[in-house]
Structures are given as C-alpha cells and as structure tokens.
Amino acid sequence: MPTKKTPRYDRIDALRGVAIVWMTVFHFCYDLNYFGWLHQDFLGDRFWTGQRTAIVSLFLFCAGLSQAVAVAQGQRWPRFWRRWSQVAGCALLVSVGTWFVFHARFIWFGVLHGIAAMLVVVRLTAHWGRWLWLAGAVAIGLAWVAPFAHVHWPALNVLNDPAFSWIGFVSRKPQTEDYVPLLPWLGVMWWGMAAGAWVLRERPQWVQGALPKAAGPLAWLGRWSLTWYMLHQPLLFGLVMLTRQ
C-alpha cells in the first residue's frame with residue numbers, strides 16, 4: 001500500500017536554493033582563480049573566507065530546518081537512511097574525484113562528509129528540544145577556544161592528526177581543498193533544527209506560505225540540491241579549463 005506523500009515546504013527549498021546560487025557563483029570565481037584568470041587569495045582573504053563561511057552556514061542551517069520538518073512529519077529511520085546513503089555515497093565520490101585532481105589536498109571531510117555525520121547526530125538528538133540552542137552554542141564555542149587550549153595543553157596536538165581532525169578541535173587546519181568538521185559546524189545544524197522546531201510550533205505560516213512566482217526557480221534548485229552540488233563544479237571546472245586551453 002503506497003505511503004501518504006508528505007508536503008514540501010517551498011520556502012525552505014527556496015532558502016536552500018539561495019545557498020546553491022551563492023555557492024555556484026563562489027565556485028565559478030574559485031575556478032577562474034585556479035586557472036589564473038583571477039588573482040585572489042581564497043584561503044586568506046576575509047572577503048572570500050567570509051563568503052565560504054556564510055554559504056556553508058546557510059546550507060547546514062537549512063539541513064537542520066529540514067530535519068525538524070522530517071521529525072515533525074514522523075519520518076521513520078528507513079527513509080532517513082535512504083537519503084543519508086545518497087549523501088554519504090556522493091561524499092565518497094567527491095573524495096575519489098578530488099584525489100585525481102588535487103592529489104594530497106583531496107577532500108576527505110568536506111561539506112558532504114560533514115553533513116552525513118551531522119545528520120546522524122542531529123537526528124539522534126532531535127528530542128533535546130530547547131537544549132539544542134545551548135548544544136549549538138557549545139559546539140561553536142569549542143571550535144573558537146581550541147587554538148588556545150592547544151597552547152596550554154600540548155598533548156591535545158594529537159587532535160590535529162587526520163584520524164581525529166574531523167572532530168574539529170584543532171589548532172591548525174589540515175591541507176585539503178574543503179574542510180567541514182563537526183566543530184563548529186554541528187552547532188549550526190543544531191541551531192537549524194532548534195529554529196525549525198520553534199517555527200513549526202509557534203510560527204508555521206513562516207514556512208508553509210506560498211512562494212512568489214519569481215522564487216519558483218530557487219525552490220526547484222533547493223529540491224535538487226544534492227544533484228546540483230555534484231554536477232555544477234565538474235561542469236564549471238571543465239568549462240573554464242576548456243576555455244583556458
């Protein structure tokens with residue numbers, strides 16, 4: 001017997017669509033820089049690092065919102081694991097693909113790897129309710145104090161090792177093209193989960209209302225975010241490379 005289809009929240013999809021457009025523009029600029037058409041410091045310039053932080057934060061916040069909706073709609077674990085396996089599988093493809101392009105700087109714990117890990121944690125802690133706000137603040141705060149803690153307790157240097165640096169309590173970032181550890185980013189997804197639960201309980205009209213027609217393409221992008229994420233960079237990278245040649 002077919003299961004009842006749960007309604008989508010177009011406003012959340014559109015917000016995720018904004019993150020996708022922003023990310024696409026950012027990656028296009030990165031590709032232009034990689035091939036020498038721009039000359040920017042993407043790793044050190046606050047203009048670019050700030051944009052990356054904002055884009056990743058928006059993605060993870062939307063992921064938390066979506067988990068709040070899923071829990072409110074009674075999503076069962078088998079359906080959760082089906083979606084999770086898609087994210088985890090794409091993360092593995094990213095690792096393999098970037099190893100051929102960047103070699104030693106390949107992505108071993110980037111956005112998708114982080115999302116896959118955080119989704120499990122957020123789902124298991126969904127019942128924390130208002131404590132999610134505090135948990136999020138602690139996760140973000142721990143990442144800020146980590147460099148100072150390493151100075152006072154040198155034994156913590158072991159957490160810089162690749163075997164543990166995915167946690168995020170590090171004093172230096174590993175050499176990789178993308179790095180999204182649990183700390184501080186789990187805090188952002190926890191806040192998204194907390195905000196989503198509050199909105200659904202207190203202000204459901206904020207997410208359930210109809211979208212303006214002009215925002216329809218953003219909602220469409222938001223519904224296909226994983227597919228777009230996997231395809232856009234190979235296409236942009238290849239296009240810039242071919243044009244360069």
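The values are calculated or read from the model by the stated rules, or taken from the named source; none is laboratory data. Note that the structure is predicted; figures quoted are calculated from it, not measured. Ideal geometry is used to build each Cβ from the backbone, glycine not excepted, and the neighbour counts take in all protein chains shown. Only protein heavy atoms, including side chains, enter the accessible area calculation; ligands, DNA and RNA are left aside. Shrake-Rupley method; radii C 1.70, N 1.55, O 1.52, S 1.80 Å.
Details
- For region 28-64, the tally of residues that are open to solvent by 60 Å² or more (accessible area, probe 1.4 Å), in contact with a helix residue (DSSP H, G or I) (Cβ under 9 Å, 6 or more places away or on another chain) and of a type in the set (Phe, Trp, Tyr) stands at 4.
- Cβ separations smaller than 7 Å between residues 6+ apart or across chains give the following pairs from region 27-40 residues that are among the aromatic types (Phe, Trp, Tyr) to residues that are in a loop (DSSP other than H, G, I, E, B): TYR30/PHE42.
- Residue in region 116-130 that is out of contact with any Cys (no Cβ under 7 Å at 6 or more places or on another chain), within 26 Å of GLU202 (Cβ to Cβ), among the aromatic types (Phe, Trp, Tyr) and touching a residue at least 60 places away in the same chain (Cβ under 8 Å) present: no
- So SER171, is it of a type in the set (Ser, Thr, Tyr) and open to solvent by 40 Å² or more (accessible area, probe 1.4 Å): yes
- Pairs where the first residue, in region 44-62, is touching a residue at least 40 places away in the same chain (Cβ under 8 Å) and the second is in a helix (DSSP H, G or I) and open to solvent by 40 Å² or more (accessible area, probe 1.4 Å), C-beta under 6 Å, 6+ apart: CYS62/LEU15
- Members of region 97-125 found to be open to solvent by 70 Å² or more (accessible area, probe 1.4 Å) and either of a type in the set (Lys, Arg) or closer than 13 Å to GLU177 by Cα (or both), listed by number: TRP99, PHE100, HIS103, ALA104
- Note on region 71-94: residues that are touching a Lys or Arg at 6+ places or on another chain (Cβ under 8 Å) and crowded, with 18+ Cβ neighbours inside 10 Å amount to 1.
- Yes/no for GLY187 being crowded, with 16+ Cβ neighbours inside 10 Å, of a type in the set (Gly, Ala, Ser) and in contact with an Asp or Glu (Cβ under 7 Å, 6 or more places away or on another chain): no
- Inter-residue pairs, beta-carbon under 9 Å, first under 15 Å from TRP228 (Cα atoms) and touching a residue at least 24 places away in the same chain (Cβ under 8 Å) and in region 5-23, second open to solvent by 10 Å² or more (accessible area, probe 1.4 Å) and assigned to a loop (DSSP other than H, G, I, E, B), 6+ apart: ASP13/LEU211; ALA14/LEU211; ILE20/TRP224
- Which numbered condition VAL25 fails, given (1) open to solvent by less than 40 Å² (accessible area, probe 1.4 Å); (2) under 21 Å from LEU239 (Cβ atoms); (3) modelled with pLDDT of 95 or more; (4) out of contact with any Phe, Trp or Tyr (no Cβ under 9 Å at 6 or more places or on another chain): (1)
- Unmet criterion (only one of (1) surrounded by 18 or more Cβ atoms within 10 Å (Cβ to Cβ); (2) within 27 Å of ASN160 (Cα to Cα); (3) acidic (Asp, Glu)) for ASP13: (2)
- Qualifying residue in region 155-165 (condition: open to solvent by 70 Å² or more (accessible area, probe 1.4 Å) and of a type in the set (Gly, Ala, Ser)): yes
- Selection status of VAL151, over 22 Å from the mean Cα position of the chain (by Cα) and open to solvent by 30 Å² or more (accessible area, probe 1.4 Å): yes
- Matching residues in region 190-230 - criterion: being over 30 Å from TRP144 (Cα atoms), surrounded by fewer than 22 Cβ atoms within 10 Å (Cβ to Cβ) and under 16 Å from the mean Cα position of the chain (by Cα): LEU221, ARG223, TRP224, THR227, TRP228, MET230
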